[in-house]
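Peer 1: Pasting in a structure now, in structure tokens, and then I'll have a few things to ask.
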Amino acid sequence: MPTAIAVTSPDLVLPPHDRQTPPAVVQPLDTLESSLLGMHALIEQHGYVISLYPASVSDAVTQRLRTVRSVLESDRIALLGIDLPPLGVALLAQQLRQLSVCDFSPGVLASAARLLAHYIYAGALLGSVAKLDQVPVSLKSHAKSWVPGAQFAVLANPRPQLVRVGQEELAGPEFGTRLLAAAGQAPSDWVTETLAPAWRVQGVATVPLPEASARWWGTGKLVEFAAGLYDVSVLYQLVSSVRREQCHWCGLELIGDRCGFCAAPLSPPSSTPQPQSSTPQPQSSQTSPSRSLSAPASSSELPAAAVRAASSVRALPPGAT
């Protein structure tokens with residue numbers, strides 16, 4: 001069975017792209033007892049559970065998740081706080097669901113969340129930024145938000161940006177993405193008719209607005225959007241291009257500089273010089289070594305390479321079912 005992907009509310013579960021994408025589960029549940037029973041069943045069925053939650057979620061939710069892991073005394077539960085808006089977290093969960101049917105180990109899949117988050121463009125169209133505290137807002141923008149009819153386009157990830165609609169443009173991805181749009185109380189066609197063509201997205205889907213979005217953005221009059229990689233072959237190439245290490249604490253595979261399950265940092269490389277052999281060694285035929293996640297490339301380099309690598313093979317990667 002694939003590694004289970006969990007989110008904190010049902011509105012963070014996006015529809016699957018195809019029948020091969022497994023559903024996400026919701027954790028924690030309404031009570032501690034039901035959460036314990038549900039998580040135990042997930043471990044028994046799937047072996048490992050990766051639980052995503054927005055970093056802005058209430059302390060009660062994170063406390064219950066930690067309590068469940070502690071009571072079960074399980075090292076097979078990864079608790080990952082994601083610093084993305086709600087729709088961005090939902091998109092990241094969908095990407096991990098797609099990759100869970102591939103041949104990645106649970107440790108690689110959990111630590112891949114940080115890598116994939118680098119390439120999610122998450123933002124919103126707002127009628128006011130007066131109560132927005134998740135993204136830096138200047139006093140000038142605060143003053144303009146009181147002008148009747150003013151609209152602001154805000155990008156929270158990967159680089160914060162705030163512009164006045166019609167005067168400036170948001171910096172978009174330099175690789176192929178699919179755009180998700182979720183409208184609140186003030187629906188607008190700007191995201192689908194202006195932003196999508198400007199970003200040259202390869203598809204647009206309308207989804208329900210997550211309940212936590214109004215609180216995250218400081219207003220219910222918004223249209224939240226998130227753009228990211230959607231082809232499982234490209235996602236697979238991106239994650240598999242990063243060098244794998246072994247966690248010195250729990251022994252799981254990981255990519256990057258921190259284990260997704262036990263949060264132990266990657267051991268620094270040994271400073272002991274290796275003896276040089278007098279016998280010449282053959283040169284490796286590999287022309288592009290695997291990258292380290294501790295120093296990610298530019299926001300377009302890795303996806304562009306993944307797109308080129310995947311363009312000749314449209315089938316699912318090895319291990320996919």
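Peer 1: So, counting K/R as plus one and D/E as minus one, what does the shell of residues with Cβ under 11 Å around residue 252 add up to?
Peer 2: Cβ neighbours under 11 Å give a net charge of -1.
Peer 1: Between 79, 124, 14, whose Cα lies farthest towards the positive end of the dipole of segment 1-126 when Lys and Arg beta carbons carry +1 and Asp and Glu beta carbons carry -1, centred on the Cα centre?
Peer 2: Positive-end residue among those listed: 124.
Peer 1: Sequence gap at least 6, Cα distance under 8 Å: using those rules, report the relative contact order of segment 191-263 to the nearest whole percent.
Peer 2: 15 percent.
Peer 1: Sticking with this structure for a sec: Whole angstrom only: what separates the Cα centroid of segment 215-270 from the Cα centroid of segment 1-40?
Peer 2: 18
Peer 1: Ok, one more. Divide, for segment 51-125, the radius of gyration over alpha carbons by 2.2 N^0.38 Å, where N is the residue count.
Peer 2: Ratio of Cα Rg to 2.2 N^0.38 Å: 1.17.
Peer 1: Which value in nm describes the separation of the simple spin-label points at residue 61 and residue 105, placed 7 Å from the Cα toward the beta carbon?
Peer 2: Simple spin-label model gives 3.1 nm for this pair.
Peer 1: Could you rank the peptides 68-80, 224-236, 4-16 by their average count of other C-beta atoms within 10 Å per residue, with the highest value first?
Peer 2: Result, highest mean Cβ count within 10 Å first: 224-236, 4-16, 68-80.
Coordinate-derived values only; no laboratory data. In this text, all values refer to a predicted model and were calculated from it rather than measured experimentally. Ideal geometry is used to build each Cβ from the backbone, glycine not excepted, and the neighbour counts take in all protein chains shown.
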